[in-house]
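Accompanying notes for the structure given below.
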Amino acid sequence: YVGVPKVTESMIINVMTFVQIFFVIICAGTVGSTIFNIPWRYVSIGIIPAIAICAAMVPICSAAIGRNDMGKAKEGFRYGTKLALGISIPISLFVFVFAEPLMMPFTMEESMLALRPEFVGTLRIYAFVIPFWCMIELGAAMLQSLRKAYFPMIMSFLRNGLICIMFIFACRYDMTAICMSVLITEIVGGISMYCMALYAIRKRCDESYNL
């Protein structure tokens, strides 16, 4: 219920990443690839607490669902949401406010100094990705608990496909358009995944009530 969809999802993400980098290079060359990738490391670090919380949430909610205690499962989901977003949103704000100091270590050389504003601008756009990526992880964790891990796999495919489609048009403009495409896709993906989890919980509660 979890292993195969999770592996497939990871493969989709990695394959799609190659496609995305291709369009980034078309847009701004190897410099664009650097601007695209380095600020993303801070997003990857910023989402770690939420990923850990979601990983801990899966066995708790799964155990509650296994006992047909949907009240406890919903409470676990609510608590996980409050905790994960309660950490992710301040991290997002921190990254946005301190984007320039965070980018300074990568733009100290004279050849990189002129690119610092682009690095900072990219990181500030990426900062808003963190809460929505958190929502993706929360939704995926709940769907895994409900033995519906194939839904996150499908959503991952659609989300990455949407990014690639948006990159086709964005690469005709500049890196800001590329980064905004990432942000828009993550917003759509985060809201969609979280709403899907809420719908799945409600449906399971109705089924439990009818038993």
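Remarks
- Annotation note: of Met193, Met142, Met175, the sole residue that is open to solvent by less than 50 Å² (accessible area, probe 1.4 Å), closer than 18 Å to Lys74 by Cα and either of a type in the set (Lys, Arg) or in contact with a Gly (Cβ under 6 Å, 6 or more places away or on another chain) (or both) is Met193.
- Test for Ile191: is it of a type in the set (Val, Ile, Thr) and closer than 23 Å to Ser62 by Cα: yes
- Among the residues of segment 86-98, those that are out of contact with any Leu (no Cβ under 7 Å at 6 or more places or on another chain) and open to solvent by less than 30 Å² (accessible area, probe 1.4 Å) comprise Ser88, Ser92.
- Residue within segment 99-115 that is closer than 23 Å to Ile191 by Cβ, at pLDDT 90 or above, touching a helix residue (DSSP H, G or I) at 6+ places or on another chain (Cβ under 9 Å) and surrounded by 14 or more Cβ atoms within 10 Å (Cβ to Cβ) present: no
- Verdict on Thr122 being open to solvent by 70 Å² or more (accessible area, probe 1.4 Å) and in contact (Cβ under 8 Å) with a residue 40 or more places away in the chain: no
- Filter result (assigned to a helix (DSSP H, G or I) and over 11 Å from Glu9 (Cβ atoms)) within segment 145-171: Ser145, Leu158, Gly161, Leu162, Ile163, Cys164, Ile165, Met166, Phe167, Ile168, Phe169, Ala170
- Of Arg116, Arg78, Arg67, Arg41, all but one fail to be more than 23 Å from the chain's Cα centre (by Cα) and within 24 Å of Pro152 (Cβ to Cβ); the exception is Arg67.
- Restricting segment 50-93 to residues that are part of a helix (DSSP H, G or I) and of a type in the set (S, T, N, Q), the residue that is farthest from Gly139 (Cα to Cα) is Ser92.
- The set of residues in segment 67-80 being without any contact (Cβ under 8 Å) to a residue 60 or more places away in the chain and open to solvent by less than 70 Å² (accessible area, probe 1.4 Å) consists of Asp69, Gly71, Gly76.
The values are calculated or read from the model by the stated rules, or taken from the named source; none is laboratory data. Predicted model, so just to flag it, every value in this text is computed and none were measured. When we count neighbours, we look across all protein chains shown, and the Cβ atoms used for this are built from the backbone with ideal geometry, even at glycine. All accessible areas refer to the heavy atoms of the entire protein, side chains included, with ligands and DNA or RNA removed. Shrake-Rupley method; radii C 1.70, N 1.55, O 1.52, S 1.80 Å.
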